[in-house]
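This structure is in structure tokens; I'll ask about it shortly.
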Amino acid sequence: MGNQCLAKLFSTHIGIDLGTANCLVYVRDHGIVLNEPSFVAIKKATHEVIAVGNDAKRMWGKFPAGLEGKRPLQDGVIADFEVTEDMLRIFIQKALRSVPWNKRILHPRVLVAVPSGITEVGNRAVKDSAKRAGAGEVILVEEPMAAAVGVGLPVADPTGSMIVDIGGGTTEVAVISLSGIVSSKSVNVGGDELEKAITQYMKKVYNLNIGPQMAEEIKIKLGSVYPVKDEERMDVRGLDLACRMPKYVNISAAEIRQALQEPVTSIIEAVRGTLDLCPPDVAADLLTRGIMLAGGGALLCGLDKLLTEEIGMPVFVSEDPLNAVVKGTGVMLQEDNIWSN
Ligand code: ADP
Ligand code: MG
């Protein structure tokens, strides 16, 4: 029996989307088995991990003195190697619990999608962490490529396809043809910057200090980049900076749209910049094939419409944008020839 066969019988093949906001794990033959925020709560004095994922995110902005929240990946890079490794280990072990015993005899083979802006040191760190977390062979793949595969773009064709992946920390734009990246751009503007813009707006206009959970709620419930007919409003809770008392403020979608203008413009510029770098024949393909949006930021209301208007090309939101990258790793895992033996 060849190594390939043994590996199929006795080891698990895992795909990981190590995102700045969310970490997802795909297990071959099982699908997505884990989907949790890339958040960790630690004890300040000892650096002991208290909670990860959903449990840590629930605590966000509400930590007592001795505890601290960490987002180990920021702006598309690993900001804290140690905490990233702890988080990765816990997530891999959790994911492995969903597979039968015989699939745990050999070390799992792991494919990790990493931001395209990651450094050599970052790559090494992800590989080493995954190995220390129990992985056997570790292969890295660029996140925009995984996203493109995940949303079903014909990446192997001699036709240009553009993917725009708007995550928490970055927006990654890539044009792909013949299974390779033809041109790409990565900017440190994503969901986090949109939230920062909302927080700053509330402070400036209403003298209201809002927490991170509130900022995300406003962005998801009220955030938009294109006017709609019945504009919604929402009550925002925060701390009045003048009297240091909690209070409510009622705000409109139009106000938030104004607050989001600057970071959204940076996202549009990243798309423009990538098009500028494109060879003319590939750019011509995009004119008919359009642009595909993925990542949580793709869900921002009206972004497809605004981009269509600004860029003059058809823009589509993928069906399941938050799962695009991990689904792509799932497709790539099926190929036996990506592993060394
Ligand atoms: P990453 O790849 O960096 O982990 P994700 O692709 O998982 O990021 O997207 C997470 C980001 O998407 C977060 O900033 C989150 O607030 C944002 N997000 C999720 N749903 C929505 C929504 N409906 N509208 C706008 N932003 C959203
Ligand atoms: Mg992502």
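Since every read-out is calculated from the coordinates, none of them should be taken as a lab result. Given the structure is predicted, the values throughout are model-derived calculations rather than measurements. FYI the Cβ positions are ideal-geometry reconstructions off the backbone, even for glycines, and counts take in every protein chain you see.
Say each of Lys229 and Ile105 gets a label point 7 Å from the Cα, pointing the same way as Cα to Cβ; how far apart are those two points in nm?
That separation, rounded to one decimal, is 6.3 nm.
Gain in length, Glu120 to Ala65, computed as 0.36 nm per residue apart minus the alpha-carbon separation, to one decimal in nm?
16.2 nm
Same structure again: In this model, which of Lys57/Lys203; Lys94/Lys185; Lys8/Lys127; Lys204/Lys247 are farther than 25 Å apart at the alpha-carbon?
Working: Lys57/Lys203 23 Å; Lys94/Lys185 34 Å; Lys8/Lys127 21 Å; Lys204/Lys247 16 Å.
From Lys57/Lys203; Lys94/Lys185; Lys8/Lys127; Lys204/Lys247, over 25 Å: Lys94/Lys185.
Follow-up question, since we're still on this one. Using a Gaussian network model of the chain whose springs link C-alpha atoms within less than 10 Å, name the residue from Thr159, Thr199, Thr119 with the highest mean-square fluctuation.
Thr119
Same structure, new question: Starting from the 7 Å offset along Cα-to-Cβ, what nm value, one decimal, do you get for the label separation of Leu178 and Cys5?
Once both label points are built, they end up 3.7 nm from each other.
Next up: Using mean Cβ contacts within 10 Å as the protection proxy, how do 58-68, 249-259, 289-299 order, highest first?
Listed from highest to lowest mean packing, they are 289-299, 249-259, 58-68.
Let me ask you something else. Given R₀ = 56 Å, FRET efficiency for Gln334-Gln200 by Cβ-Cβ distance, to 0.05? Can you show the working numbers first?
On the way: r = 45 Å, r/R0 = 0.80.
E(calc), rounded to 0.05, equals 0.80.
Okay, moving on. Say R0 is 56 Å: what FRET efficiency, to the nearest 0.05, do Thr46 and Thr308 get from their beta-carbon distance? Write down the numbers at each step before the final one.
Details: r = 52 Å, r/R0 = 0.92.
Plugging the Cβ-Cβ distance into 1/(1 + (r/R0)^6) gives 0.60.
Given the Cα-Cα distance of Glu82 and Gln261 and 0.36 nm per residue of separation, how much length would full extension add, in nm? Please report the intermediate quantities before stating the final value.
Details: separation 179, 0.36 × 179 = 64.44 nm, distance 3.56 nm.
So the chain would gain 60.9 nm between Glu82 and Gln261.
Where the only charges are on Cβ atoms (+1 Lys, Arg; -1 Asp, Glu), what is the dipole of the range 51-196 about its Cα centre, to the nearest 20 debye?
720
Then there's this: Any aspartates and glutamates with Cα under 13 Å of the Lys44 Cα? List them, leaving off those in the same chain fewer than 8 positions away.
Glu68
Antiparallel versus total DSSP beta bridges in the chain: what percent is that, nearest 5?
Values: 42 of 60 bridges.
So the antiparallel bridges in the chain amount to around 70 percent.
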